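A.B. asks: Structure below; questions to follow.
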Amino acid sequence: MNDIRKAQMLGRSSESGLVQRPLSPHIGIYRWPPTMVASILNRATGIALSAGSLLLVWWLVAAASGPAAFDDVQAFIGAPLGLMIMLGWTASLFYHLFGGLRHLAWDSGHLFAKPSLNPVTYAILLLSAAATALVWFVAYIKLEG
């Protein structure tokens, strides 16, 4: 064992003697459970929704400012970067919505038993992906038709 790792594992006891302490699991060796990933994703999608709301505000201000400003925003949203932002915002919206419904169910005492935690987490991921795909498919059909 190298000296740095050995030094990390040493500590002092209440009698001032050296004792070997275990290292806490860190990100390199700790296995993330699906519920932990879901919790982090819920927070990240909340931040993404806040940031995406700035685009919505920009769009509304441009609509109120006149046709030239509105056309500029529409051009940005229709560009590949704007479409990727909108896709991410749509996925964030649905994930955050379904995650919030899961938390509402948990708060009412449902689906919080250990056997249902992971399946519900996977269901939320699938529902979010399906809802996002459905919205973008319908939008594509409406725009093309």
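A short reminder: the numbers here are calculations on the coordinates, not readings from a lab. Keep in mind that what you see is a predicted model, and the values were worked out from it rather than measured. So basically every Cβ, Gly included, is an ideal-geometry build from the backbone, and we count neighbours across all protein chains shown.
A.B. asks: Only one of PHE76, PHE112 is more than 24 Å from PRO34 (Cα to Cα) and not aliphatic (A, V, I, L, M); which? Give the derivation first.
C.D. replies: Details: PHE112 fails: more than 24 Å from PRO34 (Cα to Cα).
Among PHE76, PHE112, only PHE76 is more than 24 Å from PRO34 (Cα to Cα) and not aliphatic (A, V, I, L, M).
A.B. asks: I'd like to know if region 81-90 contains one or more residues that are on the phi < 0 side of the Ramachandran plot, β-branched (Val, Ile, Thr) and within 15 Å of the chain's Cα centre (by Cα). If you could, list the steps in order and put the result at the bottom.
C.D. replies: Within region 81-90, the first condition is being on the phi < 0 side of the Ramachandran plot, and the residues that meet it are 81-90.
Now restrict to residues that are β-branched (Val, Ile, Thr): 85, 90.
Subsequent filtering for residues that are within 15 Å of the chain's Cα centre (by Cα) retains 85, 90.
Yes: one or more hits.
A.B. asks: Please work out if VAL57 is over 23 Å from the mean Cα position of the chain (by Cα), among the β-branched types (Val, Ile, Thr) and either more than 24 Å from ALA130 (Cβ to Cβ) or part of a helix (DSSP H, G or I) (or both).
C.D. replies: On the way: over 23 Å from the mean Cα position of the chain (by Cα): no; among the β-branched types (Val, Ile, Thr): yes; either more than 24 Å from ALA130 (Cβ to Cβ) or part of a helix (DSSP H, G or I) (or both): yes.
Spelling it out, it is not the case that VAL57 is over 23 Å from the mean Cα position of the chain (by Cα), among the β-branched types (Val, Ile, Thr) and either more than 24 Å from ALA130 (Cβ to Cβ) or part of a helix (DSSP H, G or I) (or both).
A.B. asks: Separate question: Any residue in region 88-109 that is farther than 24 Å from GLY46 by Cβ, in a helix (DSSP H, G or I) and of a type in the set (Phe, Trp, Tyr)?
C.D. replies: no
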